[in-house]
Amino acid sequence: MSKTPDLPGEVSRRTVITRAAAIGAAIPAAGLLGACAGGGTEEKKSETGNTGDAKNPFGVKDGDPLEVVIFNGGYGEKYAKDIHEPMYKAAFPKSEIKHSAPTEISTTIQPRFAGGNPPDFLNNSGAKAIDIGSLVGDGQLLTLDKLWSAPSYDDPKKTVKDTLIPGTIESGEFDGKSVQLNYVFTVYGIWYNSALFSKNSWVAPKTWDETTALFDKIKAAGITPYAYAGANAAYYQFEVILSNAAKIGGAEVLKNIDNLEDGAWQVPAIKDSLEFWAGIGAKYMDKAHEGLKHTEVQLQQNQGKVAFYPSGSWLENEQAKETPADFKYAMTLVPSKGASDKIGFTGIHATAGEPYVIPAKAKNQAGALEYMRIMLSKKGANEFVKLNGSLTSVIGSSDGATLTPGTASAKTALDAAGKDVFTFHINDWYADMNTEMKAATNALMFGHQNVAQFVERVQKAADKLKKDSSIKKNKVK
Amino acid sequence: MRHGRNPFIVGFLAAPVVLYVFFVILPYVEAFYYSFTNWRGFQKAEWVGLDNYKKMLDDDTFWKAVSHNGIILLLLPLAALVIALFFAFLLNVGGKAKAGVSQGVRGSKFYRLVFFFPQLLAVPIVAVLFQSVYRPDKSGVLNGILGWFGIEPVGWLIEPKIALLMLIAVMVWQAIGFYVVLFSAGMSSIPAEIYEAAELDGSSPATTFRRITLPLLWGNIQTAWVYLGVAAFDAFAIVDVLSNNQGGPDFSTTVLSEEIYKATSAGKYGYATTLGVALFFLTATFAVIAFTSTKRESVEY
Amino acid sequence: MGTQMTKKPRGKSSAFMSLGHIALAGFAVMVVLPMLWAFVSSFKNNTEIFDHAFTWPAEFRWSNWIDAWNTAHIGTYFFNTVIVVFFGVAGTMLLGSMAAYVLARYEFRGNRFIYYAIIGGLGFPVFLGFGPLFKIVQMTGDVPVIGQFLGLNSYVSLVLVYIAYSLPFTVFFLASFFKTLPGSVAEAAMIDGCSHTRLFFRVMLPMAKPGLVGITIFNVIGQWNQYMFPTLLISDPDKWQLTQGIARISTNAGYEAKWGPLFAGICMAIIPMIFVYAFFQRQIQSGLTQGAVK
């Protein structure tokens, strides 16, 4: 009995981060182009059998239904409905595909795991993704080794693994098990409207000094220089803080954080980065943004009221319908502190993301594996790029696709980065850390707490997590 | 006439009790069991003894949540009851007496209709409405109004000091209509002669209210207080859908039920049920105290 | 409120009354304004919605309403909800009044135990039992013969769950109501050879009508606005309830920024309820009135 008849509390929400919270795991720092040497634990032939038939390596039975659950977020559901499902259907015409596309995965699908009847194929993404650590810890997911070692869709001489950008498979490993396909290749940066900038002859800054100098000019022009949406996208800002710390102190900084090393948050690189961004928050941000959502702040950027907005490479596509004609998305990187930085300005946070999993209790595992193989085919990946304007983890998937200005600038940045690619996992691996980091980031950026308090509370949360034996820990090698 | 008494009792109770045991009691009993395990929401649940309970007592957020429930428990019933009583009084006996019978103020029919509206809205709808009302820039309804007076926008839900109060205000907003009706009901059954007598004695409305209405309504008020108190222990819906970052900013509005929900979505079912058990005992304690302390006299008239 | 006007010797003091008028009107505005605002916003485009709060839409964009109706299937959800709530409330009232009656008027061993076990449900945090409830409902789908009507994605299951969770308050409310009914009538009827069942349906239930009306309304509103149970038990979009539909547009607005259609959808959900309520207002309020004083 609540005060009134709406007896049990209700969960509705539009607290929706666009992609934010659950963008897949990531690649070990050096993994991306550092050619994932070794890693070849090939061939564990197992019960569902690797038939060796390049057309149907997993032995899918035509006629077995396949249930596909797609997260209806930044990439929508169209790519599944219009590209991959028809491809599957063409191969197995008698099989019926049951498609659904919820926006809250854990609300709708978690109970089905609990009940032992999960779908065959799941795009476990979004702000309400099911905690991957729990899924793995409980043995709820199928390992994908069979997929990686299967012949690729287009060339039977190559394995599926050979067709992927190195590091992709590792990015989906938890607890030493490869359980997740990270399909979309995501690059993180700070976004602006290149049309507006060239009109004002503003140039995206490369150093902290240039940043504050430019922000002063932008502010004088009556535009809010920098913004992120505190209500549901605090993740974007701690991404910036951590990326900046990685540039200052090297990828080691992030690795130590991921591995919950003692004092990982108390190093100078973190403190410097926090200090700088807290200063930006105090001087160049709009206090109201703490209470606004991603789409609301994006609208302001589209209207020319906000200059810079940190986000991932899905942003442009996600906003496509709302973007005015004179708005040209472009991406720049987190600025450098100075010459003593371990990683130069071109260093970039990039990772394979957007997770897809196959439940261990899926009824049609062979079908789900085949579905993944289809997604990773040349056609499957290329059409995805064309439809969604985002890069995939398949090598050369953007060949022949006309990239939108934003995606093109992201790709350029990625190419320029060379080996300086880094990422972090802490928030994906540990839900508690994610919560604490988001809260602490908002408190810092909107002036409720200072740097020392940030460091203290986040370190404390990490220490507590480390001591908690009930939570499985992952390690970056 | 005793014949058929027992079959009748059994017959009438069987269906409701079976349904209730099956769909309500059973899940709760299972949940109690899970509070001693590390259940992750799937199949396996390992017994971990009191670990979850130790962790809970050690958790700052837990205590924050409890204290917020406490604040709501103090403010929600108080505000809702005082306002609802005031309105009900105006609507029933506030107007000029007609033919010796006390009337509500002018427009009381309209008010009764309108005040009940918030009751008709599902929480997802209330959430959308109040997100618009509280929006922290000039596009928010409240800040738009303040803007006319040249006042800078206020971050209603992002200032940690006021965010919880703003949420409580919504709960009060939603609750008032129902209690106005409830108290109106009580008041309209108070015999008109009593009010006439009071009026003849030259008693002011405030005095009438204090000396007559209040004591005669005491039973209703006590019931209302219990309802609202239990509601204060829930408070989940509004906190979850309306607050910044589900219980934020920075945990300044979180309540126990919200923490349960978050633990659940993080896959910590075992721990979530532990929090649930704590909530259960808090609510139950309140309910027992409230029921026993309100059991005594209710004024007869 | 106003202790300062304590000893005014005549009738309603004017200060008190004007304060009262202001408060009433003020609260009426507070109730109506957000809804009106949502209505006006349903015609706005995104730019207007995030402009100053009291900007008028440049034109009446009915396309928002069409969009909400077509893409959000508000009509379907509305109908689904009507079905479930109808049976849910009917069942709740039947079983609830039966249980309340027996518990209120018959002494037997275990009476208090059952009564308090049911009332205790009022204090349970509902989603504490969610995981297990899901499993239980799912299991019911495997029961022979009746299983095909139960299980997940079944209105029958949803109705039964609604009934079970509405029982605590219904029984609590009605038991105290039945207690107050005069025993003399019951005795007279029994002496006339009336069976217990007949006594209940023919005599006691009609006498309790005012209380029944009140609690019926309570349950209609409660079940109409229910969100958690449908979300848990109904995943098939064809069977969604209205609240799920609203939450869906609302969630999607975070991704697709369709704010105008969101407000249109909300209006579609609110307006029928307001009309229904306005229409039945007299019965509802008098029902609550009579129910409440017991």
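The values are calculated or read from the model by the stated rules, or taken from the named source; none is laboratory data. Worth saying up front: this structure is predicted, and the values here are computed from it rather than measured. Counting neighbours? That spans all protein chains shown, and the Cβs are built from the backbone with ideal geometry, glycine included.
For this structure, a couple of remarks:
- Cβ-Cβ under 7 Å pairs, at least 6 apart or on other chains, the stretch C:139-157 side in a helix (DSSP H, G or I) and surrounded by 13 or more Cβ atoms within 10 Å (Cβ to Cβ), far side modelled with pLDDT of 80 or more and of a type in the set (A, V, I, L, M): C:140/C:150; C:149/C:156; C:155/C:83; C:155/C:84; C:156/C:150; C:157/C:137; C:157/C:150; C:157/C:233
- The residues listed here are B:45, B:14; of these, the one that is more than 7 Å from chain C (Cβ to nearest Cβ), surrounded by fewer than 20 Cβ atoms within 10 Å (Cβ to Cβ) and closer than 25 Å to residue A:359 by Cα is B:45.
Yes or no, residue by residue, for (1) within 12 Å of chain A (Cβ to nearest Cβ); (2) in contact with a Gly (Cβ under 9 Å, 6 or more places away or on another chain); (3) of a type in the set (Asp, Glu); (4) under 22 Å from residue B:86 (Cβ atoms):
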| site | (1), (2), (3), (4) |
| --- | --- |
| B:165 | no, no, no, yes |
| B:168 | yes, no, no, yes |
| B:172 | yes, no, no, yes |
| B:200 | no, no, no, no |
| B:215 | no, no, no, yes |
| B:228 | yes, no, no, yes |
| B:256 | yes, yes, no, no |
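- Condition met for residue A:228 (crowded, with 21+ Cβ neighbours inside 10 Å and not in a loop (DSSP other than H, G, I, E, B)): no
- In this structure, residue B:193 does not qualify as over 23 Å from residue C:133 (Cα atoms) and facing another protein chain (nearest Cβ under 7 Å).
- So residue A:328, is it touching a residue at least 60 places away in the same chain (Cβ under 8 Å), of a type outside the set (Phe, Trp, Tyr) and surrounded by fewer than 24 Cβ atoms within 10 Å (Cβ to Cβ): yes
- Residue match in the stretch B:277-292 (condition: modelled with pLDDT of 80 or more, more than 21 Å from the chain's Cα centre (by Cα) and within 12 Å of chain A (Cβ to nearest Cβ)): no
- Within the stretch C:13-49, the set of residues being assigned to a loop (DSSP other than H, G, I, E, B) and free of Cβ contacts under 8 Å to residues at least 40 places away in the same chain comprises just one member, C:13.
- Counted residues, the stretch A:51-110 - those being under 31 Å from the mean Cα position of the chain (by Cα) and basic (Lys, Arg): 4
- Residues satisfying the stated conditions in the stretch A:384-405, i.e. more than 20 Å from the chain's Cα centre (by Cα) and in contact (Cβ under 8 Å) with a residue 60 or more places away in the chain: A:405
- Filtered by the rule that a residue be crowded, with 16+ Cβ neighbours inside 10 Å, touching a residue at least 60 places away in the same chain (Cβ under 8 Å) and in a helix (DSSP H, G or I), the stretch A:56-81 gives a lone residue, A:79.
- Qualifying residue in the stretch C:202-213 (condition: charged (D, E, K, R), part of a helix (DSSP H, G or I) and either on the phi > 0 side of the Ramachandran plot or more than 10 Å from chain B (Cβ to nearest Cβ) (or both)): yes
- Residue in the stretch A:104-117 that is in contact with a Phe, Trp or Tyr (Cβ under 9 Å, 6 or more places away or on another chain), over 21 Å from residue C:228 (Cβ atoms) and surrounded by fewer than 20 Cβ atoms within 10 Å (Cβ to Cβ) present: yes
- Scanning the stretch A:246-295 for residues that are under 28 Å from residue A:74 (Cα atoms) and without any contact (Cβ under 8 Å) to a residue 12 or more places away in the chain yields a single hit, A:288.
- With a requirement of 1 or more residues that are without any contact (Cβ under 8 Å) to a residue 40 or more places away in the chain and within 14 Å of chain B (Cβ to nearest Cβ), the helices (runs of 4 or more DSSP H) lying completely within the stretch A:82-165 that satisfy it span A:105-114, A:132-137.
- If the condition is being outside any helix (DSSP H, G or I), buried (at least 24 other Cβ atoms within 10 Å of the Cβ) and touching a strand residue (DSSP E or B) at 6+ places or on another chain (Cβ under 8 Å), then the stretch A:272-308 contributes A:306, A:307, A:308.
- Of all residues in the stretch B:48-69, those being exposed (fewer than 15 other Cβ atoms within 10 Å of the Cβ) and hydrophobic (A, V, I, L, M, F, W, C) number 3.
- Filtered residue count, the stretch B:227-285, keeping only those that are of a type in the set (S, T, N, Q), without any contact (Cβ under 8 Å) to a residue 60 or more places away in the chain and closer than 26 Å to residue B:172 by Cβ: 5
- Of the residues B:45, B:31, B:14, B:65, the single one that is more than 30 Å from residue B:228 (Cβ to Cβ) and assigned to a helix (DSSP H, G or I) is B:14.
- Filter result (touching a residue at least 40 places away in the same chain (Cβ under 8 Å) and either assigned to a helix (DSSP H, G or I) or out of contact with any Lys or Arg (no Cβ under 8 Å at 6 or more places or on another chain) (or both)) within the stretch A:200-211: A:204, A:205, A:206, A:208, A:210, A:211
- One residue stands out in the stretch C:233-260 among those that are at pLDDT below 75 and of a type in the set (Val, Ile, Thr): the one that is nearest to residue A:110 (Cα to Cα), namely C:251.
Every residue, every condition in (1) in contact with a helix residue (DSSP H, G or I) (Cβ under 8 Å, 6 or more places away or on another chain); (2) away from chain A (no Cβ under 11 Å), yes or no:
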position	(1), (2)
B:197	no, yes
B:208	yes, yes
B:212	yes, yes
B:218	no, yes
B:234	yes, no
B:240	yes, no
B:248	yes, no
B:261	yes, no
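- Count of the stretch C:77-117 residues which are at pLDDT 90 or above, among the hydrophobic types (A, V, I, L, M, F, W, C) and more than 22 Å from residue C:155 (Cβ to Cβ): 7
- Selection status of residue A:387, modelled with pLDDT under 90, closer than 29 Å to residue A:328 by Cβ and either β-branched (Val, Ile, Thr) or crowded, with 24+ Cβ neighbours inside 10 Å (or both): no
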